[in-house]
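S.K.: Below is a structure I'd like to ask you about.
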Amino acid sequence: MEGWRGAWYVPCLASLETLQELCRKENLTCKSIGITNRSLKSYEVEYLCDYKVEEGKAYYLVKWKGWPESSNTWEPRKHLNCPLLIQNFLRDKNEYLSRVREGKAVKVRNHVKTLKPAIADYIVKKAKQRIALQRWKEELNRKKNHKAMILVENTVDLEGPPLDFYYINEYKPAPGINVLNGITTGCECADCPAEKCCPKEAGFILAYNKRKKLKIQPGLPIYECNSYCRCGPDCLNRIVQKGTPYSLCIFRTNNGRGWGVKTLQRIKTNSFVMEYVGEVITSEEAERRGQFYDNQGNTYLFDLDYDSDEFTVDAARYGNVSHFVNHSCDPNLQVFNVFIDNLDLRLPRIALFSTRTIKAGEELTFDYQMKGSIDLTSDSAEGLSPSKKRIRTVCKCGAVCCRGYLN
């Protein structure tokens, strides 16, 4: 639950359990926190908290969906029809024991009568994390404007969804900045590209081939057909505006780089993968925020420097999946400037295209020092702009050609 205060979201300070209890007392439903008409009138296992054996019978401590933790009860195994939750419980227990034993496999002893408090605590935290990540995944997929799915995965630690990140599909301009310059004309092509198609009118060649793959070199702009063009949605010059066509997974990296993004589908060379979006602010405001972000140890500032240095995209609080893409000195994505419904050269849209074939399950990365991408870092503050050197940051990309530092 969030309140609106000017241009900022204020997170609710009440715990999930408190909100559930309030809803139940007032007989209110709230799907986002697990309170439905069904849960108001019935008991459903949300997760298992603990385990014990008494008089030869196994019992699990049950957290009931939509009920506060104060309502947890011990239930015999035979009363529980939730094999997946029991499987999660046992897997989390084994995972904890394996980590305690420095990664060595631990065989579960069936005669254990009670769990140590530390194990039960870990199991509860893992269950809450699993629920929080599931809700975050559902929220991301409600808000996205493309058909491909967004998944979320953390098998590394107990980190949950970012608390101060809000998903958007397009630029969020600061007051006084117009990211739509009032374009009122488009091409008259019946079958793009014709002689006077959008790229040729701008003085450039069409960016895509007949297979809708990129055919221009880095540094050249992309001019796509706009909302006033005569051509239809299947026009081969409408690629970036349709959003990412690939299902992607936001996942927790295991080498200290925070969150990352991997593709769940094979991506061919020169294919559009995603846009980089966020708040559009002035460069002066970006400098002010950059100093604040430095003190926090992270920033997501991306200068729009195709024609000038007047504006910057800040994806720290508002962004899409690209917010989580990490740096690599040997990246598989490349930045391109795109113009569609705004022909202001100071305000291009930023698109990421594949530089080679990318296998399903492979992490997506781009070089934070490539032209057009500066002062952009991951959750773990991996990089800072060469033009705004404030600290010397070690690179963790692991590439054979790694430069060692990000600045």
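The values are calculated or read from the model by the stated rules, or taken from the named source; none is laboratory data. Worth saying up front: this structure is predicted, and the values here are computed from it rather than measured. Heads up, the Cβs are rebuilt from the backbone with ideal geometry, glycines too, and the neighbour counts pull from every protein chain shown. What goes into the accessible areas is simple: the full protein's heavy atoms, side chains included, and nothing from ligands, DNA or RNA. Shrake-Rupley method; radii C 1.70, N 1.55, O 1.52, S 1.80 Å.
S.K.: For T155, state whether it is assigned to a loop (DSSP other than H, G, I, E, B), in the same structural domain as F324 (by the TED database) and farther than 25 Å from R346 by Cβ.
M.R.: Values: assigned to a loop (DSSP other than H, G, I, E, B): yes; in the same structural domain as F324 (by the TED database): yes; farther than 25 Å from R346 by Cβ: yes.
Yes, satisfied.
S.K.: Just checking, which of Y47, Y51, Y60 is modelled with pLDDT of 95 or more, within 28 Å of the chain's Cα centre (by Cα) and crowded, with 16+ Cβ neighbours inside 10 Å?
M.R.: Y47
S.K.: Let me ask something additional. Residue under question is I177, and the condition is that it be out of contact with any Pro (no Cβ under 9 Å at 6 or more places or on another chain) and within 16 Å of D314 (Cβ to Cβ); does it hold?
M.R.: Against the criterion (out of contact with any Pro (no Cβ under 9 Å at 6 or more places or on another chain) and within 16 Å of D314 (Cβ to Cβ)), I177 qualifies.
S.K.: Now for a different question. Could you please find all residues in the stretch 42-77 being closer than 21 Å to E21 by Cα and of a type in the set (G, A, S)?
M.R.: S42, G66, S70, S71
S.K.: Would you mind finding the one in T355, T282, T299, T269 that is of a type in the set (S, T, Y) and either crowded, with 20+ Cβ neighbours inside 10 Å or in contact with a His (Cβ under 7 Å, 6 or more places away or on another chain) (or both)?
M.R.: T299 is the lone residue from the list that is of a type in the set (S, T, Y) and either crowded, with 20+ Cβ neighbours inside 10 Å or in contact with a His (Cβ under 7 Å, 6 or more places away or on another chain) (or both).
S.K.: List pairs: first in the stretch 14-33 and more than 19 Å from V124 (Cβ to Cβ), second basic (K, R), Cβ under 9 Å, 6+ apart or cross-chain?
M.R.: What qualifies is S32/R135.
S.K.: Looking at G160, is it surrounded by 11 or more Cβ atoms within 10 Å (Cβ to Cβ), among the small types (G, A, S) and assigned by the TED database to the domain that holds G278? Quick ask: steps written out before the conclusion?
M.R.: Values: surrounded by 11 or more Cβ atoms within 10 Å (Cβ to Cβ): yes; among the small types (G, A, S): yes; assigned by the TED database to the domain that holds G278: yes.
So G160 fits the description; yes.
S.K.: Take the conditions exposed (fewer than 13 other Cβ atoms within 10 Å of the Cβ) and not small (G, A, S) and apply them to T244. Does it pass?
M.R.: Answer is no for this residue.
S.K.: Name the single residue, out of those in the stretch 1-33 being under 23 Å from the mean Cα position of the chain (by Cα) and within 30 Å of L90 (Cα to Cα), that is modelled with the highest pLDDT.
M.R.: Ranking the candidates gives K31 first.
S.K.: Moving to a separate point now. Would you confirm, using the coordinates I've provided, whether Y167 is under 16 Å from H323 (Cα atoms), buried (at least 16 other Cβ atoms within 10 Å of the Cβ) and under 11 Å from the mean Cα position of the chain (by Cα)?
M.R.: The answer is yes for Y167.
S.K.: In addition: When the stretch 227-259 is examined, which residues are found to be over 19 Å from E275 (Cα atoms) and touching a residue at least 60 places away in the same chain (Cβ under 8 Å)?
M.R.: Scanning the stretch 227-259 gives R252, T253, N254, N255, G256, R257, G258.
S.K.: Okay, next question. Quick check on my filter: what residues within the stretch 177-213 are of a type in the set (A, V, I, L, M, F, W, C), open to solvent by 50 Å² or more (accessible area, probe 1.4 Å) and under 32 Å from the mean Cα position of the chain (by Cα)?
M.R.: Result: L180, single match.
S.K.: Do you know which of the residues in the stretch 230-274 that are touching a helix residue (DSSP H, G or I) at 6+ places or on another chain (Cβ under 9 Å) and among the aromatic types (F, W, Y) is modelled with the lowest pLDDT?
M.R.: This residue is W259.
S.K.: Return yes or no: is N226 of a type outside the set (D, E, K, R), in contact with an Asp or Glu (Cβ under 6 Å, 6 or more places away or on another chain), surrounded by 13 or more Cβ atoms within 10 Å (Cβ to Cβ) and in a loop (DSSP other than H, G, I, E, B)?
M.R.: In short, yes.
S.K.: Cβ-Cβ below 7 Å, separation at least six or inter-chain, first residue in the stretch 285-297 and in the same structural domain as A174 (by the TED database), second among the charged types (D, E, K, R) and at pLDDT 90 or above: which pairs?
M.R.: Correct list of pairs: A286/D314; R289/D314.
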